[in-house]
1. Please list, or write none, the aspartates and glutamates whose alpha carbon is within less than 18 Å of the alpha carbon of K383, excluding same-chain residues fewer than 8 places away.
2. Starting at 0 and stepping by 5 Å, how many percent of the alpha carbon pairs of region 415-484 end up in each bin?
3. Give me the Å³ per residue figure for the convex hull around the C-alpha atoms of region 300-446.
4. Which whole-Hz couplings ³J(HN,Hα) result when phi for each residue of region 530-547 is put into the Karplus expression 6.51 cos²θ - 1.76 cosθ + 1.60, θ = phi - 60°, listed in order with x for Gly and Pro?
5. Region 703-765 to region 378-440: how many Å between their Cα centroids?
6. For A564, enumerate residues with amide H under 5 Å from its amide H, sequence gap 5+ or separate chain, H modeled in the peptide plane.
7. Keeping all protein chains in the complex and leaving out DNA, RNA and ligands, what accessible area do you get for H311 with a 1.4 Å probe, in Å² to the nearest 10?
8. Using the eigenvalues of the Cα gyration tensor, what equivalent ellipsoid semi-axes result for region 653-736 when each is taken as the square root of five times the eigenvalue, whole Å, largest first?
Amino acid sequence: MAATTTSEETTPPRRYVAEGLARRWVRTGLALARGIREAPFTLALVAALWIIALATHSLAYGPSDDLMGHIGLNTTAITSGRAWTLVTYALWCQNVWAYLANTILILVFVVPAERRLGTWRTAGLLALCQIGGAALGIGAIEAGSAAGDLWLQSTVGAQYNTTVGASVGVVGLGLALSARMSTLWRRRTRLLLVISTLLFLFYDGGVIDISRVFAGLVGLAIGLAFLQPGSRRLRLASSHAETRVLVAIFALTSALGPLIAWITNNPYGPMAILVNLFIDEAPTQDDIHDYCTKTSDYYDPVACRASEAEHVLAGTPAILVLFVPVLLLGVIAYGLWRGRRMAWWAAIVCEIVLGAVTVRYAQMLVDMTEGQPDEAGVPTAIKIYTGLIMCIPVGVVIVLLLTRRHFALRAPRWTALKLLGTLTLTFVAVGAIYVNFAYQVRDQWTPDATVSALLTDYPKRLFSPTWLTLVNENTAALIPAGGVAKVLYIAVGPVFWLIALGGLLLTFRRTAIRGAGEKEKADRLLRSFGGSPLSYMTTWPGNEYWISPDESAAVAYRVIGGIALTTGDPYGKPASRAAAVEEFAHYCDSQGWSPCFYSVTDETRALTDKLGWSAVQVAEDTVLDLPELKFSGKKWQDVRTALNKAGKVGITAEWYTYPTAPLGVQQHIRELSEEWVADKGLPEMGFTLGGLNELQDPRVRCLVALDEEQRLHGVTSWLPVYQDGETVGWTLDFMRRSADGFRGVMEFLIASAALGFQEEGARFLSLSGAPLARVDRGAAQTVPLQRVLDVAGKALEPVYGFCSLLAFKAKFQPQYFPLYMCYPDPAALPAIGNAIGRAYLPHTNVAQMVRLSRKLMG
C-alpha cells in the first residue's frame, strides 16, 4: 500500500544558483578530469605513447629513419615479413603536433569507451581496429596498385610512405562506440568521423589514411552488430536545430579538405591536386632563379615577376588572402548553424563557384600534362579525380536544397544593405589608401609605380595568385622594393578581408525582429498586466504583434495563407481586452486577412459570440490551485508513489534556467530532446508547443530529475503567468523523459514543481492545453466541425498521444477549462486548417509526411 506522503512531508526541488560561464567551464573541466582518472587503460595508453616518444627521441620530428624502418607501417614491411609493424606503428607519431592530436583523440573516445564498455573490451576493440584496419588497408593498396591506379601506386613501397600513428584504432573504436551513444551524439560522432576520415583519405591519401578508413569500417560493423541495443532502430529524424548543426558540419567539408592537405604538407590523395586553389605554396629561391635566369630552361619573365611578388608575401600576414576561401566557408557554416537564410544563399553561391573553379583548374592541369611523354595516364586520372571532387559541392548543394526550410531566419533589410555598404566603402577606402600612399613612395616599386598601374594592381592584392591565373590574369605588374611599399603590399589584402569577413559574421549574428518596437510594447503589456495561462507563448519567435491604438492591449498573431492566426487571447489591461478583439478584427479586414483567434478562453469566446462568429473547442486547459494543494487521499496515489520511489532510488529535482545551467545539464537536455524527436521519427511541432529553442529564455524555468551520478531522467519547463506586474502562476510547456530512465519521472517532476511553486506563493499551476483533446461534459455534440476535430484527435492519438496526455494530466486532479478557436467566416475553414497545420508543423518534409501518413493508416 502506498505511503500517504503530503506536501509538508516532501522536500521541494532544490534551487540552482546560476554561475558565471567561467565557473561553469571550470566545473565541467573538473568533471572531465574525474572521468579520465577513472579510465586506467586510457591513462596507461597516453603515458606509454609519450614515454616511448621521449625515450626514443621521437617527440619533435618522429622516429629516426633507422627506427622507422623497423617499426613503421608500409606495404614493403608487410610483404617482407615484418608483420609486427601492424602493432608497433601505433606506438609512435610523426611529430609533436601529431602526438598532441592523437592524445586528444584518445581522451575523447577511449575514455568514454572504457567507462561504457569496460577496460578489457575497450582494449580488445582498439587493438582489433588498429591491426585490422592496417591489414585491410595494406591489402587494398596492393590490389589497387596492381590494377594500375596511379594514386595507390604512389603509396607502395618507398621510405617516405612509411607511417606511424595511433589514430587508426581510435577512429574505429569511436565508430564502434557510437552505437552506444544517444541519438544526438551518435549522429554527430558518425558524421564527424566519417567525413574527416574520407577527407584525409582523398586529400592526404597516405597509408595511414587508407588504414583509418578500413578501421572505421571494422568499428562501425562491430558497433552495429554487437554493441547497438536491440531495441534501437535506425533513426533519421532530427530536430529543427540539430538539422542546422548537421548541415553546417557537412557544408564545411569543402573547406576542411584543402586545409587537411596543407597541414599534412605532402599529400598523395586524388583530391590533393586542388590544394593550391585554396592554400597556395610560396615559390622557393630555386623557383625564382629558374624563372628569372635567361639561360634557364624555365625562363619566363611573367612567371619571374609573379614568383618574386609571391615571395614578398610569403611568411607575412598576407597569407590570410590564401586562406580566404576556407575562412569564408567557415563563416558561412556558422551562419547555417544559426539558421540564417542569407547564409543558405551564400553557401549555394559559394559551392557553385567552387564547382566552376574546380572544373576550370582541372582543365588547366589537363592542358599542361596532355602530350607529355612522362605524364602518360595523368590527364585521364585528373579527369576521373575531378569527377570525384565535384561530388562534394554537388552533394552540399543537394543537401542545402533539401533542407532549405530550416534556414528561414532573415536579417533585417537594413542589415543586408549595411553589409553591402560596408563592403563597398571598405573596398573604396582601402583602395584609396593603398593607391595614395603607394604613389607617394613610387620610387620603392619595380618598375616605378603610376596611378593607373596601382589602380590595376589593387584588386589583385585581394585574391590568391592561383585564382588570378584561372582568368589568365598577370598576377604582378609591380614588385615592392622599399619598406613602406612592402608594408602596403602585404597589408592591403588582409585588412580588406578581415573587415569583410567580420562584417559577414556580424550579419549572421543578427536576427530579423519584425516589428521590434511592437514586440517590446507587447512584452511590457504582458509583464505589467498579464493575460491567459498561455500568454507567455506570445513571446516566442514567429509571432507578429498588433497593439491597440491606446497601447493598452496587444494581440500576437502570424499570417499564413491569408489567415491571421492568433496565439491565444488578447492581453494587456483587463478593461481593454474586450475592445481589442473587435479592433484586431477590423485591422485584419483592412489588411485583407481573415482573423482566427486560436486557443482562447471562454472570455474571448463570449466576445466573439456577440460579433456573430463561430467557435469550436480545440484544446483543454488543466489548472491546479496551489494554496490548498496536498497529495493526500486515494486519488493522489500515483503521484505519491512517484515521489516516494524517486527518494528511494536517489532521484532529486533541481531548478535551473537553461542559459545558466551547468554545461553538462544543458548537454543532457539536448540529448534527451533529440532522442525524443528521433524516436518519434515524425515532425517536431511548434506554435503552442515549445521546443529546445524556447528554453533559451532566462525567464523560463526548467525542473530536471537527476540521479546520484548526475544522469538526467527527465526535464520540464515552466512559463511565467503575470498579473499586475507579478508572477502569479506557471504553465507547463516542454516535457521530455529518458526512455530507459526512472518510471514515473513526469509525475515526480510535476508534483515537485507544484510543491516548489506553492512554497513560493504562486496561486496556480497550468498543465497547459492538450490539443485536439477534451473532457466529456455529457452534452450532445451538434457542431459538425467539433465532431470532425474529435475524430482527428483520435486519429492522431497513435502518433502524438494528445488524448493520452490529457488522461495523464488527470492524475493531478485539475480543473478543466476549454480552449476555443473563434472565426468569423466558415467559408475560410479550409484556409484556417492549412494555417494551423503549417503553424504546428513548419519544418515538415516529404519523408516525415509519408511516415505520418503510414502511422495514421496503420
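1. List returned: D149, D367, E370, D374, E375.
2. For region 415-484, the binned pair fractions read 3, 16, 22, 20, 18, 12, 5, 3, 1 percent.
3. 151
4. x, x, 8, x, 9, 5, 5, 5, 5, 7, 6, x, x, 8, 10, 10, 9, 10
5. If we compute the Cα centre of each part, the gap is 46 Å.
6. S594, C596
7. Here the accessible area works out near 70 Å².
8. Values: eigenvalues 98, 62, 20 Å².
Square roots of five times the eigenvalues give 22, 18, 10 Å.
The values are calculated or read from the model by the stated rules, or taken from the named source; none is laboratory data. None of the values given here were measured: they were computed from a predicted structure. Methodologically, a virtual Cβ is constructed for each residue, glycine included, from the backbone with ideal geometry; neighbour enumeration extends over all protein chains shown. Protein only, heavy atoms only, side chains kept; ligands, DNA and RNA dropped before computing areas. Shrake-Rupley method; radii C 1.70, N 1.55, O 1.52, S 1.80 Å.
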